[in-house]
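In what follows, a single structure is set out as structure tokens and then discussed.
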């Protein structure tokens, strides 16, 4: 079956702009979570959505937001981009709330902020 | 605050040379400890879930174990295709997932 699909795979923005990233989970998966990966900080949890509701949120500023649609597809938005937002943004899906930890990750969207 | 520390940062092995990776954690109520493998340019791939001290899981040349303070990922007789970054993560009572920085394993033929 198809895996987690993230678009776009690569993008370049300038400081102050905003960006929207998209994630299509595996069919049947209702939970979607987002992570930021940088060489210095590693993988950091952004937020998790389940059935269109945000279940959990990491320690990121309000410039980072997300939403989930009725078909489980999710988007995350970063406004007023800063140089430090350059990172690989990973989306993961799972059947339920993933107590099993069995998350299925996409290949990520690599954001470069100039 | 939940903390996950992995060591060593990097590990270079000869093919067939077994070794272990360490993941130590501090968490308020452990709901699970997870191991993932990440290849360059790819998202992490799930390997194991461990829930309680004494639990062990195996998959091919990999074996994960859990104590109250740490987990080990043992790689037995590794092959070059085992080269990857191995990530450890813990889920606490608040359901947030915290990842360690990872151990990059390079296996030479």
How many Cβ atoms of partner chains, on average, are near each residue of A:105-112 if near means within 10 Å of its Cβ? 2
Whole-Å distance linking the alpha carbon centroid of the stretch A:42-114 with that of the stretch B:20-52 is 18
Cα-based equivalent ellipsoid of the protein assembly as shown: semi-axis lengths in Å, sorted from largest, via gyration tensor: 29, 20, 16
Hey, any idea what Rg/Rh is for the stretch A:47-114, computing Rh the Kirkwood way over Cα pairs? 0.97
Does the stretch B:1-77 come out rounded, prolate or oblate by the C-alpha gyration tensor, with a ≥ b ≥ c the root eigenvalues, rounded set by a/c under 1.5 and, if not, prolate when a/b is larger than b/c and oblate if not? prolate
Given the stretch A:41-80, what whole percent of its Cα pairs are spread farther than 13 Å? 52
Across the residues of A:40-48, average count of Cβ atoms on other protein chains within 10 Å? 4
When a/c is below 1.5 the answer is rounded, else prolate if a/b is larger than b/c, else oblate, so apply that to the stretch B:53-102 with a ≥ b ≥ c taken from the square roots of the Cα gyration tensor eigenvalues. oblate
Two-decimal log10 I(q)/I(0) for the stretch B:33-72, as the Debye equation yields it once each C-alpha is a single scatterer, q = 0.15 Å⁻¹: -0.37
Please compute the alpha carbon radius of gyration of chain A, then divide it by the globular-protein estimate 2.2 N^0.38 Å. Two decimals is fine. 0.99
What's the average, rounded to a whole number, of partner chain beta-carbon atoms within 10 Å of each residue's beta-carbon in A:14-23? 0
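Every number here is computed from the coordinates shown, using simple stated rules; none is lab data. Only a predicted model underlies this, so the values are computations on that prediction, with no experimental measurement involved. Cβ sites come from the backbone with ideal geometry, for glycine too, and all protein chains shown count toward neighbours.
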